[in-house]
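Asker: Got a structure for you, written out below as structure tokens; questions coming shortly.
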Amino acid sequence: MLLTDDIGNIKNIGTERRSRLNKMGVYTVLDMLEYFPRDYEDRSVVTPVAEITPGSTFGFVAKLDDKPTLSVRGRLKLVRARVSDGTGQIDVIWYNQPYLKNSLQTGKNYWFFGKAAEKFGVLQVESPEWEPYSADKVSLSNGRIIPVYPLTQGLTQKVLRGVIKQTLDDTTQEITDHLPADIIKKYGFIGRREAVKSIHFPESDEMFFKARQRLVFDELFLLQMRLLQLKGNIKKKHNAFEIKNTDISPVLDVLGFELTAAQKKVLDEIRADIESGFVMNRLIQGDVGSGKTAVALAAAYMLISNGYQVALMAPTDVLASQHYESISRLFAKLGIRTELLKSGMKKSEKDSACENIRLGLSKMIIGTHALIQDRVEYRSLALVITDEQHRFGVEQRRQLEAKGETPHVLVMTATPIPRTLGLILYGDLDISTIDHLPPGRQKIDTYAVNTQYHERLYAFIKKLAAQGRQCYMICPMIEENEKNDMRAAVEYTDELKSVFPELEVACLHGKMKAAEKQAVMDGFYSGKTDVLVATTVIEVGVNVPNATIMVVENAERFGLSALHQLRGRVGRGSEKSYCILVSDSKNKLSKERLQIMCSTDNGFEISEKDLQLRGPGDFFGTRQHGLPEMKIANLYKDIPVLKQVQEAATQLYLKDPMLILPENRMLKQKILDIFDKNEKNLGL
Ligand code: ADP
Ligand code: MG
């Protein structure tokens, strides 16, 4: 069997298993071999029966002393068998698997693995896994460290273990080593083939560690190498934007507040970039409310005051309009003309905006993605700022370059990215962090409550509204389906209108036309609307300082980062603000997650904890960030490996950036294999 063969060729994979495996992205023999365990269970200890004690899980080998008995108590069918080894005797029982009565044979030896408990003074092992024991056959599932695989419906661990063992045994083609020999030697790695074998069925702790070390390195190395190639391409670009003057005091004067030290530090980094003679490609991460807009404005001013144009892209029309409102007002004081370009504008308005941009009359241009895609022609575009979205990838850059523009790029995001993930994901970007908030911010009081609190909650909202405050209510998400979300939002609004007859309640959802959305937002900005019911369309960036309470229904359905973003809509003024997370979920993990929201307002802490709680199943939210899914690397635990990887990859990159030397041919091929598949996901 060859590595490229279809998994249908593997002995114990029939059509059904094949299609289930396909669903998990496993198509070829190599995919199957690289379907790595997500965890291990140590079953290497075989316990004498006499040493089994209640409360723990044990693996043991024992002989069936008698025919099992079946007893029925109401709905409960109980199979009980007495087993023994040389040291003692114990009962094993199974619930509601009556057929087991005839599966187990008296006098034969079996492996058992299960939890011991004492019931009515009798020690027994409950619902153990079992398999026939044979002295001369090594078991895949017992008496060893066994792999635990990421599962899909309809495939058990036992089946996967068997299939992978079979594949290892029947594959005749060697797994090649794509890593250059000098790297393997330098770090003392074992071969990839050996590593793949041992990651599934390690023969010792030592082999397991060596296998994992090798495979984690491989995975991160390929990604890092690819990103270096991309970054290298970009970094080498010189640019001709001439900067004579970087005095930003005029813009600071009109802002009306003193920049924080964190904001100043980031601006210094930006200044150094634009004076370097190279194209800037920088990510600014700053928690919700850390004042990214002010940084963006000062950066924009640096280029505008040297005669260039700057484009600011927001993810939604609503946000673009909001930025336009505040920025055009500020920049007008400096004699800078600001232009808005978004969907929902009349053709004549669009045409005149484009004309102003083409002629260079407008220096600050604000809009959505259309700013770089459409027929927009710039006179002297020198900087593109994207707000609240981290997907300004190489593709967008290509679009601009195709039009003859290589502007500096500044990406601003509040989605906190764990440091390690940032290093990898934004290997092609430099990163600045605004690491503290402007002074005088109050903590937003956050409470997790269940739906029984609705009455009290409504009364509280009425009280705040009477004091002139406004409220956001994020309505329940039904499922990931915009249509249903819309219905939920509309129904919920009607309900709230009857709860608050004396208040102005308005509704905002994703299916509304741009103009309708704008009208609703205007009502809320102006203070006319007291309660804004919304789906998560308001998640990012909206700034209404008079809104002081945020209610999130079905809070358990949101990711913690999303909740943190939502909460960031309040606490923007001087008034005390509140965030109420409503959930009836009894799930322990859900409760824990909501508790994290109540205990901290630090976005980075929240995201790290969230990712830890989500665990290796949804691999550290990598998909959410557009990374190919990691098969084995753990972006928290493997920081030391990442350091090695970056060192090795940089060295190799300096020597042979495009991997054309013969000794790097395999590596080049492997990178192509992986990234052809994943380039789309990466948004590269
Ligand atoms: P975000 O980083 O979430 O985009 P914003 O840029 O919207 O945050 O800023 C949040 C609020 O903080 C705004 O009302 C802004 O005017 C204010 N702000 C920003 N920087 C400062 C500062 N240095 N001192 C005081 N207020 C500031
Ligand atoms: Mg913002």
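The values are calculated or read from the model by the stated rules, or taken from the named source; none is laboratory data. Keep in mind the model is a prediction, meaning the values are calculated, not measured. Neighbour counts are summed over all protein chains in view; Cβ atoms, including those assigned to glycine, are modelled from backbone coordinates with ideal geometry. Only protein heavy atoms, including side chains, enter the accessible area calculation; ligands, DNA and RNA are left aside. Shrake-Rupley method; radii C 1.70, N 1.55, O 1.52, S 1.80 Å.
Asker: Return a whole-number percent for the relative contact order of the stretch 1-154, with Cα pairs under 8 Å and 6 or more residues apart as the contact set.
Answerer: Values: 296 pairs, mean separation 38.5, N = 154.
It rounds to 25 percent for the stretch 1-154.
Asker: Structure shown: which of Lys237/Lys670; Lys210/Lys237; Lys333/Lys576; Lys292/Lys443 lie over 29 Å apart, alpha-carbon to alpha-carbon? Write down the numbers at each step before the final one.
Answerer: On the way: Lys237/Lys670 27 Å; Lys210/Lys237 41 Å; Lys333/Lys576 32 Å; Lys292/Lys443 19 Å.
Exceeds cut-off: Lys210/Lys237; Lys333/Lys576.
Asker: Also, quick follow-up: Please list log₁₀ I(q)/I(0) at q = 0.20 Å⁻¹ for the stretch 515-601, using the Debye equation with identical point scatterers on the alpha-carbon positions.
Answerer: Log10 I(q)/I(0), no solvent term: -0.95.
Asker: Largest first, what is the accessible-area ranking of Arg214, Arg193, Arg271 with a 1.4 Å probe?
Answerer: Working: Arg214 0, Arg193 115, Arg271 55 Å².
Solvent-accessible surface, decreasing: Arg193, Arg271, Arg214.
Asker: On average, how much accessible surface per residue is there in the stretch 222-313, in Å², for a 1.4 Å probe, leaving out ligands, DNA and RNA? Don't jump to the answer; show the numbers that get you there.
Answerer: Values: 3310 Å² over 92 residues.
Normalised by residue count, the accessible surface of the stretch 222-313 is 36 Å².
Asker: In bins 5 Å wide, starting from 0, what share of all Cα pairs of the stretch 445-600 does each bin hold, as a percent?
Answerer: It works out to 2, 9, 20, 24, 23, 15, 6, 1, 0, in whole percents.
Asker: Averaged per residue, what accessible surface does the stretch 45-143 expose to a 1.4 Å probe, in Å²? Walk me through the intermediate numbers first.
Answerer: Numbers: 5520 Å² over 99 residues.
I get 56 Å² per residue for this part.
Asker: Follow-up. Could you name the lysines whose alpha carbon sits less than 18 Å from that of Lys342, not counting residues in the same chain fewer than 8 places away?
Answerer: In chain and number order, the partners are Lys350, Lys363, Lys511, Lys513, Lys517.
Asker: Can you list residues from other chains, or at least 5 along the same chain, whose modelled amide H is less than 5 Å from the amide H of Ile444?
Answerer: It is none; the list stays empty.
Asker: Across the Cα atoms of the chain, what radius of gyration and what greatest pairwise Cα-Cα distance (Dmax) are found, in Å?
Answerer: Just the Cα atoms of the chain yield Rg and Dmax of 30.5, 95 Å.
Asker: Dividing the convex hull volume of the Cα atoms of the stretch 45-143 by its residue count, what figure in Å³ per residue is obtained?
Answerer: Details: hull volume 9.8 nm³, N = 99.
So the per-residue hull volume is 99 Å³.
Asker: Another question about this same structure. Normalised by the empirical 2.2 N^0.38 Å for globular proteins, what value does the Cα Rg of the stretch 157-300 take? Provide the component values of the computation, followed by the final result.
Answerer: Values: Rg = 25.5 Å, N = 144, 2.2 N^0.38 = 14.5 Å.
That works out to 1.75 for the stretch 157-300.
Asker: Same structure again: Work out the FRET efficiency for Ser56 and Lys347 from their Cβ-Cβ distance, taking R0 = 60 Å, and round it to the nearest 0.05.
Answerer: Numbers: r = 74 Å, r/R0 = 1.23.
After rounding, the FRET efficiency stands at 0.20.
Asker: Only Cα pairs under 8 Å and at least 6 apart count here; give the relative contact order of the chain as a rounded whole percent. If you can, show how the numbers build up before the last one.
Answerer: Numbers: 1176 pairs, mean separation 83.5, N = 684.
This gives 12 percent for the chain.
Asker: Right, here's the next one. Considering only protein heavy atoms and a probe of 1.4 Å, how much of the accessible area of the chain is carbon and sulfur, as a whole percent?
Answerer: On the way: 16040 of 31650 Å².
After summing per-atom areas, the C and S share lands at 51 percent.
Asker: Heavy-atom accessible area per residue, the stretch 445-600, 1.4 Å probe: how many Å²? Walk me through the numbers on the way to the answer.
Answerer: On the way: 7060 Å² over 156 residues.
Accessible area per residue, the stretch 445-600: 45 Å².
Asker: Measure off 7 Å from each Cα along the Cα-to-Cβ vector at Asp66 and Gln105, then give the distance between these two points in nanometres to one decimal.
Answerer: Between Asp66 and Gln105, the simple spin-label model gives 2.1 nm.
Asker: Starting at the first residue of the stretch 117-126, write each ³J(HN,Hα) from the Karplus equation 6.51 cos²θ - 1.76 cosθ + 1.60 with θ = phi - 60°, in whole Hz, x for Gly and Pro.
Answerer: 8, 9, 10, 6, x, 10, 7, 9, 10, 9
Asker: Another question about this same structure. Looking at this model, which pairs from Lys347/Lys497; Lys265/Lys588; Lys197/Lys668; Lys643/Lys668; Lys265/Lys463; Lys347/Lys462 are more than 32 angstrom apart at the alpha-carbon? Each step should come with its number before you reach the end.
Answerer: Values: Lys347/Lys497 37 Å; Lys265/Lys588 42 Å; Lys197/Lys668 23 Å; Lys643/Lys668 21 Å; Lys265/Lys463 42 Å; Lys347/Lys462 43 Å.
Pairs exceeding the cut-off: Lys347/Lys497; Lys265/Lys588; Lys265/Lys463; Lys347/Lys462.
Asker: What share of the DSSP beta bridges in the chain is antiparallel, in percent to the nearest 5? Show your work: numbers first, answer last.
Answerer: On the way: 37 of 90 bridges.
Approximately 40 percent, going by the DSSP bridge assignments.
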